[in-house]
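This report concerns only the one structure given below.
What follows draws every value from the coordinates through simple rules; no lab data is involved. What you see is a predicted model; the values in this text were computed from it and never measured. FYI the Cβ positions are ideal-geometry reconstructions off the backbone, even for glycines, and counts take in every protein chain you see.
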Amino acid sequence: MDKKLWVRALTRYLAGFAAVALLLFLSAGTLAYWNGWLFLGILFVPMLALGVFLLIRDPELLEKRLRTKEKEPEQRTVILFSGMMFLTGFVLCGLNYRFSWLVMPPWAAALAAVVFLGGYALYAQVMRENAYLSRTVEVQEGQKVVDTGLYGVVRHPMYLATVLLFLSMPLVLGSPISFLLFLAYPLLLVKRIRNEEQLLAERLDGYRDYQKKVKYRLIPLLW
């Protein structure tokens, strides 16, 4: 086991948990924010399990998923605005709970949690199918086009998974206000996908043929 990779992954995991928890509970003004605990559970327990699995079975893929520095200027812009969306959205979730602006019934949060976990399952399946799945937009040495499984249905199943994850997040946290803010994510994603596909078509052998074979980028029969 790569000790440096283990330490790096664990540090990133704990830092992420602490950051999200602080944003939620400080803005909520209480630890009794049950939606916050529900969200932390369904986000970080599967994340830990997946991280341990990758560390043991595929440390190279885990290392790729830990990369966060984008080389493409347009992608850096998308990441910046996405980060601002998450920061503002989590704070609004906590404030919505504190001041009871728009109260959602518990069953709605539970239903959103089911959608979130479904998105996580899709995320894990995509990672199983694509060993080249870096977190940043890049073409790796020896990379080949993956066109089977979910990649035979849409060209970017990972991004489809993130749409399910990110749009269900604010509803798990009980905040319709934040949900409206998170609707900006699919728009940012369109920008990211267009730029990514341009890069892949130019630099990855066989990608233009793959685009002809699999017509839909994100959602079957829609786009």
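Per-structure values
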{"read-out": "Proportion of all alpha-carbon pairs of segment 3-213 beyond 29 Å (%)", "value": "29 percent"}
{"read-out": "For segment 158-163, Karplus couplings with θ = phi - 60° (6.51, -1.76, 1.60), whole Hz, Gly/Pro x", "value": "4, 5, 4, 4, 5, 4"}
{"read-out": "Cleavage-rule hits, trypsin sites (Lys or Arg not before Pro), segment 4-58, DSSP coil, Cβ neighbours within 10 Å at most 13", "value": "none"}
{"read-out": "Potential extension, residue 5-residue 49 segment - 0.36 nm per residue separation minus Cα distance", "value": "14.3 nm"}
{"read-out": "Within segment 6-30, backbone nitrogen closer than 19 Å to the virtual label 7 Å beyond the Cα of residue 37 toward Cβ", "value": "17-30"}
{"read-out": "Summed residue charge, Cβ within 14 Å of residue 184's Cβ, Lys/Arg positive, Asp/Glu negative", "value": "+2"}
{"read-out": "Additional length obtainable on full extension of the chain from residue 211 to residue 131, 0.36 nm per residue less Cα span", "value": "26.9 nm"}
{"read-out": "Label-to-label distance, nm, for residues given as residue 30 and residue 81 (7 Å Cα→Cβ offset)", "value": "3.7 nm"}
{"read-out": "Per-bin percent of Cα-Cα distances, segment 25-83 [5 Å]", "value": "4, 14, 14, 14, 15, 19, 14, 6, 1"}
{"read-out": "Contact order relative to length of the chain, as percent, for alpha carbon pairs under 8 angstrom and 6 or more apart", "value": "27 percent"}
{"read-out": "All lysines inside 17 Å of residue 64 as judged from Cα atoms, apart from same-chain residues fewer than 8 positions distant", "value": "3, 4, 144"}
{"read-out": "Phi-based couplings in Hz for segment 198-214 (Karplus 6.51, -1.76, 1.60; Gly and Pro marked x)", "value": "4, 5, 5, 5, 7, 10, 10, 4, x, 6, 5, 5, 5, 4, 6, 6, 10"}
{"read-out": "Net charge over other residues, Cβ less than 13 angstrom from the Cβ of residue 122 (K, R count +1; D, E count -1)", "value": "0"}
{"read-out": "Lysines whose Cα lies under 17 Å from that of residue 191, excluding same-chain neighbours fewer than 8 positions away", "value": "71"}
